[in-house]
Amino acid sequence: MAIANDPQAVDTKEFKRVQAAKIVHRLASGTHKRWESGPGGARELHVYPASRGQVLRHIGDDLERAVELLCDHHLAKIQAAIKGTKQTHRAAPRSMLVRRRKIA
């Protein structure tokens, strides 16, 4: 969504792969420690390693291949579901009566 709203977004395949790999890397890594202390409560430490380097390109490439397999496997089901459904309805129909705020 952030890329879609950016007027000067980088839309190369490699950029998208690396951004997805950063998310996966953060979910799969990190150090989390908790120390029980006195009346102030517990102290916690959450540290994540920097996600950079060639490893992100490799993770992104593997992630893209996995998503392609998933899409190929379920594409027919997704297309059938889309064809079988009608257009989506608006959250609030236009014919709904709405109280207007009085201007003082």
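The values are calculated or read from the model by the stated rules, or taken from the named source; none is laboratory data. Keep in mind it's a predicted model, so treat the numbers as computed, not measured. As a convention, Cβ positions derive from the backbone with ideal geometry for all residues, glycine included, and neighbour counts pool all protein chains shown.
Things to note:
- Flag for residue 89 being loosely packed, with under 10 Cβ neighbours inside 10 Å, out of contact with any Asp or Glu (no Cβ under 8 Å at 6 or more places or on another chain), at pLDDT 80 or above and not aromatic (Phe, Trp, Tyr): no
Every residue, every condition in (1) in a strand (DSSP E or B); (2) at pLDDT 90 or above, yes or no:
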{"site": "27", "(1), (2)": "no, no"}
{"site": "38", "(1), (2)": "no, no"}
{"site": "45", "(1), (2)": "yes, no"}
{"site": "52", "(1), (2)": "no, no"}
{"site": "57", "(1), (2)": "no, yes"}
{"site": "63", "(1), (2)": "no, yes"}
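- Where residue 51 falls short, out of the listed (1) closer than 21 Å to residue 6 by Cβ; (2) loosely packed, with under 10 Cβ neighbours inside 10 Å: (2)
- Pairs with Cβ under 9 Å, 6+ apart, first in region 25-36 and touching a residue at least 24 places away in the same chain (Cβ under 8 Å) and surrounded by 10 or more Cβ atoms within 10 Å (Cβ to Cβ), second outside any helix (DSSP H, G or I) and of a type in the set (Ser, Thr, Tyr): 25/48; 25/51; 26/48; 26/51
- In region 3-10 there is no residue that is out of contact with any Gly (no Cβ under 8 Å at 6 or more places or on another chain) and at pLDDT 80 or above.
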